[in-house]
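Here the structure is laid out as structure tokens; the discussion comes afterwards.
Laboratory data are not the source of any read-out in this text; all were calculated from the coordinates shown. These figures come from a predicted structure and were not determined experimentally. For neighbour counting, all protein chains shown are included, and Cβ atoms are generated from backbone atoms with ideal geometry for every residue, glycine included.
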Amino acid sequence: MTLEEHVINFRESFDRKTNEDLVQSFNKEVGVKGWVSIRGSYLKALREVFTSRCIDISSVYNGSEFLLDKKVKMEDNSLVRIDE
């Protein structure tokens, strides 16, 4: 399976989830130091689904990558970084 096929599979899975489930999926990635290609596919699919739902991700996405140093919560259809 190619990386793009993984993106499609992840996206199909995310499409069936609630917004809160998507937030939890994002938060599971916070603080994870390891990186493999499949993780990139996972995060790309997650970003695409947030965007397709018109969820503002500007607080955690700089245009090329997610900022995965803080967990988030959903407020007014926007992801908001939280301090824990």
Among (1) 27, 14, 9; (2) 20, 15, 11; (3) 75, 11, 4, the entry derived from the coordinates for semi-axes √(5λ) of the Cα gyration tensor in Å: (2)
Exposure proxy order (Cβ contacts within 10 Å, fewest to most) of V36, V60: V36, V60
Under the Karplus curve 6.51 cos²θ - 1.76 cosθ + 1.60, θ = phi - 60°, whole-Hz ³J(HN,Hα) for region 62-78, x wherever Gly or Pro sits: 9, x, 9, 7, 6, 8, 10, 9, 9, 6, 10, 9, 9, 9, 6, 6, 10
Residue-by-residue Karplus 3J(HN,Hα) for region 49-61, coefficients 6.51, -1.76, 1.60, Hz, glycine and proline x: 6, 3, 5, 5, 8, 6, 8, 6, 10, 4, 6, 10, 9
Region 7-28 and region 35-49: distance between their alpha carbon centers, rounded to Å: 10 Å
Helical mean residue ellipticity (222 nm; -39500 (n - 2.57) per DSSP H run of 4+; nearest 500) of the chain: -15000 deg cm²/dmol
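Give me the net charge for the shell around K17: Cβ to Cβ below 15 angstrom, other residues only, Lys and Arg +1, Asp and Glu -1.
Numbers: positive: R11, R16, K28, R47, R53; negative: E12, D15, E20, D21, E29, E48.
It works out to a net charge of -1.
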Built amide H within the under 5 Å cut-off of D56, gap 5+: S78, L79
